[in-house]
Amino acid sequence: MTDPNSTPASLSEEVEIPESISGLEPVRSVRSPIRLIYDFVPSPPVQEYLRSYKKKKILGHRSPIDGAVFVPPRGVDPRHGVLIEESVELSDTGHVGNFCITHLPIPGRDDLDTPYVSAWIHLDGANVGFLGLVSGCENDEVHIGMRVQAVWKEEEELGNTAENILYWKPTGEPAVPIEKAGNRAWDQADE
Amino acid sequence: MSAELTAVLGVGQTKYSSTRGDVSIAGLCREAAYRALEDACLDWKEIDAVVIGKAPDFFEGVMMPELYLAEALGAVGKPILRVHTAGSVGGSTALVAASLIQSRVHEKVLTIGFEKQSESNATWALSMPQPFSVSINAGAGGYFSPIMRQYMSRSGAPELIGCMVAFKDRQHALKNPYAHLHQNDLTFEEVVDSPMLWNPIRYSETCPSSDGACAMVLGNEASGDRAENPVAWVHGTAMRSESNNFPGRDEVNPLASRQCAADVFKQAGITNPLKEIDAVEIYVPFSWYEPMWLESLGFAELDHGWRMVEDGTTSLSGGELPVNCSGGVLSSNPIGASGMIRFAEAALQVRGMAGDHQVDGAKKSFGHAYGGGAQYFAMWIVGAEKP
């Protein structure tokens, strides 16, 4: 095995440095933070989705093939490659499909105390989940299948954003059994 | 017409470390490429094409780096092809290179994967704020930990299996001079006592952030026959992908993973992977993915993969199926290279060139990579003999 710290023979050949730069300090690396700020124009279904948040409504899209409901709505069913035009209004209740307790702070979210629970929230009537913060209970009380409901911002603070939901709190209802929680509620496609 | 037989003629790696401050990205790639050429006893002139892969460009902030790397990789005036499949890219890149040989487009191809994590921030590059969702995910660990929790609850595995995987891989890494982490004095208790990052995953159960590149020279049957060093013959290659969020998706054991494994084993004529494969390099960036993939790939019964960790089956010290003898992704993670390292290490095993982490007499080995939200898969099987 080649010694990992050796210099490959063909790399150890002398390089001729032009006289004009021979006295300069070689540059080993340059580090410069970069930033890209841009305007995001959502697709029509996502615009509708974000606007409905201002009215404390959560919209999904129902597949014309088998009725599966996607949230957020994207205008397509990616499984079948078909357009979706039917919107459905979803409840702001659901269950925790999966979660972890995160000890890393998120840049730009100074409002989050670590550790916090980031969870896949599966709304009643939807067939896929999205990420949300679970709070209003001790972190170690959170479990797969736990029933939750949205806690919304005050009326005057509502905007066209999913951030209108501050967090998801437990409702105290009986949990969804693990074999029916999350994506597992939908019949698994078979090979 | 059947596919051209394909051989791994040479492997080159850099010593993985948190910062390779002495070289640029081009210097890093050139070092791995030179070593692969030296191992293959070939010169740049004899290479027909270059196939290169890395993780998303916004990691280092250099867009389409393959364009400026063409000179460093001797590819000026030759075809150079870039592959993108997130974390699985090193594996997919090797398979694209192999396909150029198998289809007789080229006779000898240089393939390389790299990452310079010291010049990037993968955790937050993977968690960009998006206007249609809330910012609540903290990096890859935040994405994969809920899936590992689901595996733990449905398999009923003991709580410390993940720590056992991490400890085993770090012990293996001590036998691999290229590995990033060489934790000589690490104890199992220290792994267990490590702080939680994404409960249920501890800091010690996650991969490091590494700089590094891995390259291979692949050739056709004639060049494999002529090679001075032992070669690894390709017995099977397969890629599959699926969407990362759809109704009924099994996130723990994705359909694409199962179908990819079934395809590659069929090509290689393998019906009992556990008995017929001698060494395995699977993509395990977080500890619990070892038992999860052992099940998905068919090395273990569903919900029983953890038993192979517990009883030492996957250890290089006498286990029946040594897994990640190199130390795995848990010991070195230059992301864009990590998949290719799995493929290259599988080749080194059947060439008998793995040094202190060699599995004695390995004849067939398995290389694996996954990426995205566990949705892109690349696998190959290589053997000491022709298929």
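Dipole magnitude for the range A:44-185: about 420 debye, using +1 per Lys or Arg Cβ and -1 per Asp or Glu Cβ, origin at the Cα centre.
Using every pair of distinct Cα positions in the protein assembly as shown, the Kirkwood expression returns a hydrodynamic radius of 24.9 angstrom. How are the C-alpha pair distances of the range B:286-386 spread across 10 Å bins, as whole percents from the shortest bin up? Over the range B:286-386, the share of Cα pairs per 10 Å bin runs 15, 48, 34, 3 percent.
Kindly state, to the nearest 0.05, the FRET efficiency for B:ALA26 paired with B:SER133, given R0 = 56 Å and r defined as their beta-carbon distance. Walk me through the intermediate numbers first.
Details: r = 37 Å, r/R0 = 0.66.
E between B:ALA26 and B:SER133, to the nearest 0.05, is 0.90.
Work out the mean other chain Cβ neighbour count within 10 Å for the residues of A:100-113 and drop it here as an integer. Mean inter-chain Cβ contacts per residue within 10 Å come to 6.
Using the Cα centre of the range A:44-185 as origin and beta-carbon charges of +1 (Lys, Arg) and -1 (Asp, Glu), tell me which of A:ASN164, A:GLY132, A:VAL82 is placed farthest towards the positive end of the dipole. Result: A:VAL82. Computed from phi, the 3J(HN,Hα) profile of the range B:196-204 under the Karplus parametrisation 6.51, -1.76, 1.60 (θ = phi - 60°) reads 5, 9, 10, 3, x, 9, 8, 3, 5 Hz, with x in place of Gly and Pro.
With +1 on the Cβ of every Lys and Arg and -1 on the Cβ of every Asp and Glu, and nothing else charged, how large is the dipole of the range B:11-124 about its Cα centre, in debye rounded to the nearest 20? Write down the numbers at each step before the final one.
Numbers: 11 positive and 14 negative charges, 31 e Å.
The dipole of the range B:11-124 has a size of about 160 debye.
Can you classify the range B:309-352 as rounded, prolate or oblate using the Cα gyration tensor, where a ≥ b ≥ c are the square roots of its eigenvalues, rounded means a/c under 1.5, and otherwise it's prolate if a/b beats b/c and oblate if not?
Values: a/c = 3.23, a/b = 1.48, b/c = 2.18.
The shape class here is oblate.
Here the range B:321-364 and the range B:161-218 have alpha carbon centers that stand 14 Å from each other. Taking amide H positions as modeled 1.01 Å from N, with prolines and chain starts lacking one, the residues under 5 Å from B:ASN333 and 5 or more places away or on another chain are B:SER210.
Within 12 Å, Cβ to Cβ, of B:LEU186, how many net charges do the neighbouring residues add up to if Lys/Arg are +1 and Asp/Glu are -1?
-3
Is any residue of the range B:17-45 close enough, with backbone N under 18 Å, to a label point placed 7 angstrom from the Cα of B:LYS78 along the Cα-Cβ axis, and if so, which? Answer for this model: B:26-45.
If the segment from B:HIS182 to B:ASP225 were pulled out straight at 0.36 nm per residue, it would be longer than the present Cα-Cα gap by 11.8 nm.
Assuming charge only on the beta carbon of Lys and Arg (+1) and of Asp and Glu (-1), the dipole of the protein assembly as shown about its Cα centre is about 800 debye to the nearest 20. Centroid-to-centroid, using Cα positions, the range A:34-100 and the range B:221-284 are 35 Å apart. For chain B, the residue among B:PHE58, B:CYS207, B:SER296 whose Cα projects farthest onto the positive side of the dipole built from Cβ charges is B:PHE58.
For the protein assembly as shown, what does -39500 (n - 2.57) per DSSP helix run (n ≥ 4), summed and divided by total residues, give at 222 nm, in deg cm²/dmol to the nearest 500? Could the numbers behind the result be given before it?
Numbers: 14 runs with 140 residues, N = 578.
Value at 222 nm, helices only, nearest 500: -7000 deg cm²/dmol.
Stretched out straight at 0.36 nm per residue, the stretch from B:GLN259 to B:SER18 would grow longer than its current Cα-Cα span by 83.2 nm. Amide H contacts under 5 Å for A:VAL88: A:GLY60, A:HIS61, A:ARG62, restricted to partners 5 or more places along the chain or on a different chain, H placed in the peptide plane at 1.01 Å from N. Full extension of the segment from A:SER20 to A:ILE34, taken as 0.36 nm per residue of separation minus the current Cα-Cα distance, would add 1.9 nm.
Between the Cα long axis of helix A:44-53 and the first principal axis of chain A there is an angle of about 60°, rounded to the nearest 10. Around the amide H of A:TYR167, modelled in the peptide plane, lie the amide H atoms of A:VAL151, all under 5 Å away and 5 or more residues distant in sequence or on another chain. Across the range B:268-273, coupling constants 3J(HN,Hα) worked out from phi with the 6.51/-1.76/1.60 Karplus curve, θ = phi - 60°, read 8, x, 9, 10, 10, x Hz, and Gly and Pro carry x.
Taken together, the values in this text are just the output of simple stated rules run on the coordinates, not laboratory data. Worth saying up front: this structure is predicted, and the values here are computed from it rather than measured. All Cβ positions, glycine included, derive from the backbone under ideal geometry; neighbour counts span all protein chains shown.
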